Structures are given as C-alpha cells and as structure tokens.
Amino acid sequence: MKSYRKELWFEAPTRRAFIRITQQVETCLHESGIREGLVLVNAMHITASVFINDDERGLLQDYEKWLENLAPHEPVSGYQHNRTGEDNADAHLKRQVMGREVVVAITAGKLDFGPWEQIFYGEFDGRRKKRVLVKIIGE
Amino acid sequence: MKSYRKELWFEAPTRRAFIRITQQVETCLHESGIREGLVLVNAMHITASVFINDDERGLLQDYEKWLENLAPHEPVSGYQHNRTGEDNADAHLKRQVMGREVVVAITAGKLDFGPWEQIFYGEFDGRRKKRVLVKIIGE
Amino acid sequence: MKSYRKELWFEAPTRRAFIRITQQVETCLHESGIREGLVLVNAMHITASVFINDDERGLLQDYEKWLENLAPHEPVSGYQHNRTGEDNADAHLKRQVMGREVVVAITAGKLDFGPWEQIFYGEFDGRRKKRVLVKIIGE
C-alpha cells in the first residue's frame, strides 16, 4: 500500500467563497503515482467545507443564498458561540450542511468521476489562511 | 491490496425517489472477494445522493416533505441556476443535505452494519438514467 | 494492509447529546499500530451522527437549537414515521444534517487534524445503549 499527503492553502478575500479545487487534487493524484485506491479531501478547519457539485456560477450563488437562509450570519448575538468573541457561529453551521470531506475513488490513475462532478472548497469564514488536506491511499 | 469497481444504473420514473440498494452493494462485495477494507458508494451525478438510514416507508415520505420544505422545487424561477434552462436547482441543494456518498467498513467479508442501516439511492431529478459508483479496497 | 475494528458504546442520559470521542478514536489508532491510512468512524444507529467540529459549549448549544428549528421534535404527530409507534422521526432528519460518519487521514501514526478538529458523537434519540464503529485500514 502506498500513501500520499499534501496540504492545499487558501486565503479567500471575502467571508464566504466557493473555490474549485479539482485540478489541484488531480495534481496530487499524479504526484502520488497511485493507480487504484481512495482519496480523502477534507477541510482542516471547522468553518469550511469540501464538497462535490456543479461548477455553475448561478448554482454557487443559490448555495450562498440558501445557506444564509438556513443559518444566517446576522444577528451575530443570536448564537451562544459568538459570546466567546467570535462572529462565525453561522459558519460552523453552514459547514455541517455542505460537509467536511469527500472521498473519491481512484481508478486507472484518475479521479473516478461522473460527468459533472467538481470538487469545491467552501469557505464560510475567510479572509485568513486556511488549509485542505489531501490524503491518498492505494497502489 | 485488492480493488473492485462497479457502476449501478438507475432510472427513477419520478422526479424524486428513494431506492434501497443494500443488496446490490452486498453483491458487489461478494464479487470482489474482499474480506477486510472499505467500500465507497457515491452518486456519480450531482442531483442525487447515497445515504444510510431506515427502510421505513413513512420516514422516506418524511424526508421528501422535509427536503421540499428546506429547498422547494417551486418557484423554479427563484434559483439563479435555473436561468441556464435547468429546473433542478432544488435537486442540487437537496443532495447536499442528504450527502453524496457513504463509506462502509467491510469486516469478515460483510458490510459492517448496525441493526437498521440500509443504503439508499436518493434521486432528486429523475426520469433519466443515472449512476452510482461502488469502489471497494482491501484484502 | 492491516485492518482494525472496534465498537464504542454510549448511553446518553438525555434524548439529545454531543459527546467528544477524539481520545477514544486515538486509543483505537494506538492499539491498531497503523501509521499510514484512513480511519472511518460511523454511527451504527440511524438516529445518531458522528461529525467533526469545535469543542465549544456555546456552539454545541447552537447546534441543538438550530437542528430543533430545522427538524422539530414536536408535534410528534407531524411525521409519518411516528405512526409506527416511534417518536423519533426528527432524530432521523437531524442525523442527515450532521452526517453519519467521518473519514480521517492517519499520518505518522496520528489523526491528521487541523488545529480545532474534534470528533463528536451526536445523539438525537438517546436514553439507551448505542454504538459507534471505528474501522482503520492502512500499514
């Protein structure tokens, strides 16, 4: 069994952002030399997500609006967590809806994807450096 | 390390459906000959889910009603994504709540499940052929 | 490839609870002797979650309030599932928001975590014994 590890770094200029990272994960896979296995891609921070969906601008706007409706940022004082001095409780909630991680099959040296699958980093409390972990195991 | 891959095909006759697929995954596991490892089961389409929950008709109806409340199909014009000519933005949102994939332990050649765990394919934009990927790694 | 399996048992005294289990998973990892690989941690019951987020008391209260808002326990009669004699339909829904499982990378014999990641067992229908599965594969 072979294994591979890499951290990807991001610094979104806005509080919330969706960044496509499929190609960066493909580069990791190429570097690993692994042909059959699994790749785990996870946010290393608890106010961010890694998820798979469509790279369509309108849809990403729909996600932002929908998440804001499900877990509004304001009023900041509406969350117990924000009494610690944080203002990011909503980001912890949004991340649970979108998920922490994806696991993707590797077949014949490629990400084994359906026609429209793209990996995204979802940032819900940006404007600082944060990381995504790529871990690959296989042969 | 051994690996195994299979695509399962579905064509739900309705826009939304929940289809139990535990036995199909068990058949894959048997074919693989793998006794210890992990199986990844994921929707290959971004308007569908694979999830684990209870095979109880009333609960599946509750899920449908609840998801429709969280991310309504109508009004179709309420989503930016639908300006592309699609009418399935809600399906992309529902899929995030229910999840893209499950990872299940394989122990002694079996799906290592609690008493009520069943694997489901969740369709949110059906009436066409769509796929689920089963990838198994182990020994 | 090596593999390891353990069940962790919980009996929350209340209907809903969040229990940090990071150290129990670390103990499993130590017992396994695995240095590079993946660990799957999943609820074996369908009204419970395993998730990764912040060990901050206020945030856990925010999760409880938010989940109760998204999928209220009352009125119990509002769910088809509860016509079976159960009163836990809401717990099945809450579990989907928070997720069934996490997959965590193992690197150099440790859980490969960001600075604040903690593993939690999320109970939504407690007051009875329930299990979490820890499965580790690697070398």
Number of the exception - residue B:134 against (1) β-branched (Val, Ile, Thr); (2) open to solvent by less than 10 Å² (accessible area, probe 1.4 Å); (3) within 11 Å of chain C (Cβ to nearest Cβ):
(3)
A careful count of residues in region C:49-86 that are assigned to a strand (DSSP E or B) and facing chain A (nearest Cβ under 10 Å) gives 4
Residue list for region C:1-36, restricted to those being part of a strand (DSSP E or B) and polar (S, T, N, Q)
C:3
Within region C:101-115, can one find any residue that is farther than 23 Å from residue B:105 by Cα, in contact with a strand residue (DSSP E or B) (Cβ under 9 Å, 6 or more places away or on another chain) and not aromatic (Phe, Trp, Tyr)?
yes
Looking at region B:106-122 only, could you name the residues that are assigned to a strand (DSSP E or B) and over 17 Å from the mean Cα position of the chain (by Cα)?
B:106, B:107, B:110
In region A:104-131, what count of residues is obtained for those that are crowded, with 24+ Cβ neighbours inside 10 Å and within 18 Å of residue A:47 (Cβ to Cβ)?
3
Is one or more of the residues making up region B:29-39 at positive phi and open to solvent by 20 Å² or more (accessible area, probe 1.4 Å)?
yes
Within region A:14-23, does at least one residue satisfy the condition of being surrounded by fewer than 20 Cβ atoms within 10 Å (Cβ to Cβ) and of a type in the set (Gly, Ala, Ser)?
yes
For region A:55-93, the count of residues that are touching a strand residue (DSSP E or B) at 6+ places or on another chain (Cβ under 9 Å) and open to solvent by 20 Å² or more (accessible area, probe 1.4 Å) equals 3
Here the residues within region C:28-48 that are more than 11 Å from chain B (Cβ to nearest Cβ), of a type outside the set (D, E, K, R) and in contact with a strand residue (DSSP E or B) (Cβ under 9 Å, 6 or more places away or on another chain) are C:28, C:29, C:32, C:33, C:34
Look at residue A:89 and say whether it is touching a residue at least 24 places away in the same chain (Cβ under 8 Å) and facing chain C (nearest Cβ under 10 Å).
no
Count, please, the residues in region C:42-59 that happen to be within 16 Å of residue A:46 (Cβ to Cβ) and touching a residue at least 60 places away in the same chain (Cβ under 8 Å).
7
Checking the structure you have, find out if any residue of region C:94-103 is at pLDDT 95 or above, more than 30 Å from residue B:138 (Cα to Cα) and either more than 8 Å from chain A (Cβ to nearest Cβ) or open to solvent by less than 10 Å² (accessible area, probe 1.4 Å) (or both).
yes
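The values are calculated or read from the model by the stated rules, or taken from the named source; none is laboratory data. Source: prediction; values computed, not measured. With ideal geometry, Cβ positions are generated from the backbone for all residues, glycine too; neighbour counts draw on all protein chains shown. Accessible surface is based on the protein model in full, side chains and every heavy atom, while ligands, DNA and RNA are left aside. Shrake-Rupley method; radii C 1.70, N 1.55, O 1.52, S 1.80 Å.
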